[in-house]
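What follows is calculated from the coordinates using simple rules that are stated; it is not laboratory data. This structure is a prediction, so every number in the text was calculated from the model and none was measured. No Cβ is skipped: glycine too gets one built from the backbone with ideal geometry, and neighbour counts run over all protein chains shown.
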Amino acid sequence: MRSGQVVLDVEGLRMSYGTNEVLRDVNLQVRQGEVLCLLGPNGAGKTTALEILEGFRTRSAGRVEVLGADPAHGDERWRARVGVVLQSWRDHGNWRVRELLAQLGAYYTCYSTEEIERPWDIGELIAAVGLTAQAEHRVRTLSGGQRRRLDVAVGIVGRPELLFLDEPTAGLDPVARREFHDLVDQLAGEQHTTILLTTHDLHEAQKLADRIVILTGGRIVADGTARELAQRIAGEDEVRWSQGGERFVKSTPESTRFVHELFQRHGEAIADLEVRRASLEDTYLSLVRTTAAEPAEAAR
């Protein structure tokens, strides 16, 4: 997890549509260079939260500051510092990849600063997202994975300091998904881009994020690394082994220490040892079930 300055600060965020409260008292900070994942089931409020942070939707209440400004009033110079990759978007399929990126990049030339030269060099950008072989291809001929890489290229052509990715791998096959994960790792590691992404894919969150925020029922119910969340909420690890023809199971918060002591005491008598560590999936399912049960409990 990175420890830079705060680039996104949210306090008491609320969003309602009539009597339907979609977001409830959301508090969140993201630091420079961090990859943060909003994880939650469909309808949890993830996309709504992102749209508010991007300045595309007006919140009902609360304080929101992104790159030092309220996104609801962000000007063009502020928007040049932010990249957005939507779940899906349409463009003219007749554009060639290089032409499209060059056209979009031209809009950023007047927003360069002493620290950041905008936009990317288009050839370098195309190489960075792995589309060099498709640079002269028309957009309509790209595969799903290639199309998603182009989406990212469009989102980062202005060298954003903060990148929003909304369900970035939805609909991709396993190979394209893995390639996209590698691209996100590259953006975070080599380009030091701060990234906020949404997903309902547990493995994706665990692979990509420095920190995971679980959003369910319109509110944040957990915040931490995958390992921290698993240890804090899901409970103890489970150790299974055979000894003397019998099968044993032991739940413990210190599985490594327990296994070490077990072998010290019994040595070669231990067989078929298995350690099942508390997982992000355990945590996630526990929190979602608990949150779903709360209205029923409150009604009693």
Neighbour-count ranking [beta-carbon atoms within 10 angstrom, fewest first] of Asp75, Asp9
Asp75, Asp9
Ranking Leu172, Leu38 by Cβ neighbours within 10 Å, fewest first, what do you get?
Leu172, Leu38
Relative contact order for the chain, counting Cα pairs under 8 Å that sit 6 or more residues apart, in percent
20
Gyration tensor on Cα atoms of the range 6-229, a ≥ b ≥ c root eigenvalues, a/c under 1.5 rounded, else prolate if a/b beats b/c, else oblate, says prolate
Report the full-extension gain for the segment Glu261 to Arg138: residue separation times 0.36 nm, less the Cα-Cα distance, to one decimal in nm.
38.0 nm
Per residue convex hull volume, Cα atoms of the range 82-184, in Å³:
93
Packing-based order for 189-202, 54-67, using average beta carbon neighbours within 10 Å, highest first:
189-202, 54-67
Sum -39500 (n - 2.57) across every DSSP H segment of at least 4 residues in the chain, then divide by the residue count to get the 222 nm mean residue ellipticity, nearest 500.
-10000 deg cm²/dmol
Determine the distance separating the Cα centre of the range 155-199 from the Cα centre of the range 76-141; give it in Å without decimals.
14
Would you order Tyr108, Tyr17, Tyr284 from fewest to most other beta-carbon atoms within 10 Å of each residue's own beta-carbon?
Tyr17, Tyr108, Tyr284
